[in-house]
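Please read the structure below before turning to the comments.
The values are calculated or read from the model by the stated rules, or taken from the named source; none is laboratory data. This one's a predicted model, so the numbers in the text were calculated from it and none came from an experiment. Cβ sites come from the backbone with ideal geometry, for glycine too, and all protein chains shown count toward neighbours. Please note that ligands, DNA and RNA were not included when accessible areas were found on the heavy atoms of the full protein model with its side chains. Shrake-Rupley method; radii C 1.70, N 1.55, O 1.52, S 1.80 Å.
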Amino acid sequence: MATIERHNPEGLPKLRVWLYNHCVRVSGTGTTLYLAGQLARDAEGRTVGVGDIRAQTEQVILNMQKILRAEGGDLRNLVKVTVFVTDMRHFDVISEVRRRYFMGDLPPARSWR
């Protein structure tokens, strides 16, 4: 039988913990961690980099990194990342920031929406 744990690591906003958790860990014979969609918000819930897609992308990745580290992993453990983009003119900048974090032999699968 699998064990399901819901976590909200320190250093991330806790504005809507009644609505969602930053990650859910499912353990049994193996462990799978599901991360909630992340926004460009700091630990106090303030939006970082208003009007600056580079700074916002960086903050989202740093939030993901905090969650993974709190759970004993890191960005190399990601299997899939979904990126929601409201303006495809930002695609190249978002990709540039992501390449700094997800380069190497084992990048995660991704989908763009």
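The local environment of L68, defined by Cβ-Cβ distances under 13 Å, has a net charge of +2 under the rule Lys, Arg +1 and Asp, Glu -1. Mind checking the angle between helix 53-70 and the chain's longest principal axis? C-alpha axes, 0 to 90 degrees, to the nearest 10. Taking the Cα atoms of the chain, the angle to 53-70 is about 20 degrees. Residues whose amide H lies under 5 Å from that of V81, counting only those 5 or more places away or on a different chain, are A109, R110, S111; hydrogens are built 1.01 Å from N in the peptide plane. Express in % the proportion of alpha carbon pairs of the chain at distances exceeding 16 Å. Taking all Cα-Cα pairs of the chain, the fraction more than 16 Å apart is 62 percent.
Hey, what number do you get for the chain at 222 nm if only DSSP H runs of n ≥ 4 count, each worth -39500 (n - 2.57), divided across all residues, to the nearest 500? Don't skip to the end; give the middle numbers.
On the way: 2 runs with 30 residues, N = 113.
Rounded to the nearest 500, it is -8500 deg cm²/dmol.
In the chain, what percent of the accessible surface is made up of carbon and sulfur (1.4 Å probe, ligands and nucleic acids excluded)? Don't jump to the answer; show the numbers that get you there.
Values: 4050 of 7580 Å².
Of the solvent-accessible surface of the chain, carbon and sulfur hold 53 percent.
Can you give the local net charge around A43? Use residues other than it whose beta-carbon is closer than 10 angstrom to its beta-carbon, Lys and Arg +1, Asp and Glu -1. Write out the running numbers ahead of the final one.
Working: positive: K14, R41, R46, K66; negative: E10, D42, E44.
For residues surrounding A43, the net value is +1.
Ligands, DNA and RNA are left out, and with a 1.4 angstrom probe the accessible area of segment 8-82 is 59 Å² per residue.
Of all beta bridges that DSSP places with both ends in the chain, some 75 percent have antiparallel geometry.
Which value in Å is the Kirkwood Rh of segment 47-113 over different Cα pairs?
On the way: mean 1/r = 0.0794 Å⁻¹.
Radius from the Kirkwood sum: 12.6 Å.
Compared with the dominant principal axis of the Cα atoms in the chain, helix 91-102 is inclined by about 40°.
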